[in-house]
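In what follows, a structure is listed as structure tokens, so that the remarks can point back to it.
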Amino acid sequence: SQPILQVEHLKKYFPAGGRKVLRAVDDVSFSVQEGEILGIVGESGCGKTTCGRTAIGLYSKTDGVSLYRGEDIHRMRGAKRRAFCCQVQTVFQDPYASLDPKNKVIDLIAEGMDIHHLYTSQAERREKVQALMEQVGLNPSGIDRYPYEFSGGMRQRIGIARALAVEPRLLLCDEPISALDVSIQAQIVNLLLDLREQKSLTYLLISHDLSMVRHLSDRILVMYLGEVVEESTAQELYTHPLHPYTKALIAAIPIPDPKVERARPRSVLQGQVPSPVDPPSGCRFAGRCPYATDRCRMEKPALCDMGGGHRVACHLCR
Ligand code: SF4
């Protein structure tokens, strides 16, 4: 069936002074099926947030195409654009920064409904907001309170209710739990899973937190320096990672049991993601890869299909 989101050869470059170009997203292709959760993972600076935001049209693109149910997102205008703006919503990382502190909860949650005229009376507006608060696990009696009166987890619930208010089909969740206390992260993950089930939602989930992504995603893309280096189902990726970068990311996931932690080899991942300004022409991971050869530095590895939808870009895996 037709994917809800199809991204082909998407590029997003930024000028970086003189002739230099920052290649934040460099020829990325993927698709998301209706009802699916696709995770995009990588360290900070790998391009995952820019990729997600460009894919849903929050940023203009440099090249390539991004289709929502077959329609070019970056060319949508008029009524089509307005409908798309309801159907695709974003849940941001920092719920406090994304909520205007001067607005009451009712006005924060209803903002999208106000813009798109989704009620016929003030009473209906209030009822809809109360119902949304219940859906996300907030007590509707707090409808006239201000965001500072809520904890971080509750503010993220407000952020989710705000996104749900316009009845979206696809949610871009950009690091939805990383600003929250560890103790309440699992609650938000479970809420996102429950809402997906109840409302048949589709998520594009951006995160550096591989253990959270594993718990939530059906399929995962691993990005490094603007490119996809591996793609697979979540199950396959965590049990049979192929790319040295993915292996290092998975090896670095903390294990809660301290005895297990001690017995485990240290992560091979050293240093940080290099600058995406004028990246090297060969494998972009070569500078940090323990298996790099001269070939890796000269020749870019193509993203190859290993069967079962598992794709990997590494000379070692061919
Ligand atoms: Fe490492 Fe070479 Fe594979 Fe790149 S292509 S990940 S440098 S082995």
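The values are calculated or read from the model by the stated rules, or taken from the named source; none is laboratory data. Treat the numbers as computed from the prediction; the structure is a model and nothing was measured. Using ideal geometry, Cβ is built from the backbone for each residue, glycine included, and neighbour counts are taken over all protein chains shown.
Where residues in the stretch 307-316 are in contact (Cβ under 8 Å) with a residue 60 or more places away in the chain and surrounded by fewer than 17 Cβ atoms within 10 Å (Cβ to Cβ), which of them is nearest to the ligand (Cβ to nearest atom)? Result: 316. Taking (1) in a helix (DSSP H, G or I); (2) surrounded by 13 or more Cβ atoms within 10 Å (Cβ to Cβ); (3) without any contact (Cβ under 8 Å) to a residue 60 or more places away in the chain in turn, residue 138 satisfies each apart from (1). When 302, 286, 251 are checked against the criterion of being modelled with pLDDT of 90 or more and surrounded by fewer than 18 Cβ atoms within 10 Å (Cβ to Cβ), 302 stands alone in meeting it.
For the stretch 38-68, the tally of residues that are surrounded by 14 or more Cβ atoms within 10 Å (Cβ to Cβ) and either touching a Pro at 6+ places or on another chain (Cβ under 8 Å) or assigned to a strand (DSSP E or B) (or both) stands at 11. Could you look through the stretch 142-154, keep only residues that are more than 29 Å from the chain's Cα centre (by Cα) and farther than 20 Å from residue 191 by Cα, and pick out the one that is surrounded by the most Cβ atoms within 10 Å (Cβ to Cβ)? That would be 145.
Within the span defined as the stretch 288-303, every residue fails to be more than 19 Å from residue 27 (Cβ to Cβ), more than 7 Å from the ligand (Cβ to nearest atom), within 25 Å of the chain's Cα centre (by Cα) and in a loop (DSSP other than H, G, I, E, B). Within the stretch 228-251, being in contact with a Gly (Cβ under 8 Å, 6 or more places away or on another chain) and charged (D, E, K, R) holds for 231, 236. Farther than 29 Å from residue 306 by Cβ, buried (at least 20 other Cβ atoms within 10 Å of the Cβ) and touching a Gly at 6+ places or on another chain (Cβ under 8 Å) - does that describe any residue in the stretch 214-226? No, there is no match, as no residue in the stretch 214-226 is farther than 29 Å from residue 306 by Cβ, buried (at least 20 other Cβ atoms within 10 Å of the Cβ) and touching a Gly at 6+ places or on another chain (Cβ under 8 Å).
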